[in-house]
Amino acid sequence: MSTLPERSEQIRLAHADLIHLVVAACGDAERRGELEQVLAVALQNGWEELVGVIRQIVAGRRDAALLAGLDEEDRVIAESILRGLQDPASLPDPAARANPALAAPGLAHLIAAAGRGDAQALSGISLLAEQMVQSEGDMRLLGANIKRLVDGERDADRLCQGMGAHGSQLMLSILEELGRLTPQ
């Protein structure tokens, strides 16, 4: 039996850095420049609706009507931001996404869907890859390899090159899940 969190929790974990940054920018105007850089990348990746809602939240709007018309992923992110503003203890743990048991299946599903031409998945995985490339270490290397994974690269040695044990394990877990998703 799977111990994976429900889809909404996977979304929250995948976007934990963004959720935390928005909440921080709401309380600290000095963080807004950093947030705007992230939002600019999000816009380039087709996340216009979510960026619009985030900007309204940062401007002080907090009502549930903000969520109307958002797709599932955008709605979960916006709800997490709103909930985090009311109760910081409800914010997703950014470190949890590094757990291969949590991250690999979600990433693999997005990669597989993007590889099949799903525009929403491609947009989501592109934004996630951009965020990862801006981090350090294994996450940066993983983010740099996302496009190769979407394009069908499955050579573990090439994809794990330069990664430490945790990054390599995450990449191998993604490849394993992609193997289950892709019929031979």
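The values are calculated or read from the model by the stated rules, or taken from the named source; none is laboratory data. Keep in mind that this is a model prediction, so the values were computed, not measured. Please note: Cβ atoms are built from the backbone with ideal geometry, for glycine as well, and neighbour counts cover all protein chains shown.
A few notes on this one:
- Check on Leu159, part of a helix (DSSP H, G or I) and surrounded by fewer than 19 Cβ atoms within 10 Å (Cβ to Cβ): no
- Checking each residue in the range 79-108 for being at pLDDT below 85 and either of a type in the set (Asp, Glu) or over 19 Å from Thr182 (Cβ atoms) (or both) picks out Asp93, Pro94, Ala95, Ala96, Arg97, Ala98, Asn99, Ala101, Leu102.
- Whenever a residue of the range 32-45 is without any contact (Cβ under 8 Å) to a residue 24 or more places away in the chain and over 18 Å from Ser123 (Cα atoms), its partners that are assigned to a helix (DSSP H, G or I) and among the β-branched types (Val, Ile, Thr), lying with C-beta atoms within less than 8 angstrom and at least six residues away or across chains, give the pairs Leu35/Val22; Leu35/Ile54; Leu35/Val58.
- Out of Leu142, Leu122, sole residue that is in a helix (DSSP H, G or I) and crowded, with 21+ Cβ neighbours inside 10 Å: Leu142
- Among the residues of the range 57-70, the ones that are surrounded by 12 or more Cβ atoms within 10 Å (Cβ to Cβ) and under 20 Å from His15 (Cα atoms) come to 6 in all.
- Of the candidates Ile146, Ile125, Ile111, the single residue that is closer than 16 Å to Leu181 by Cα and within 15 Å of the chain's Cα centre (by Cα) is Ile111.
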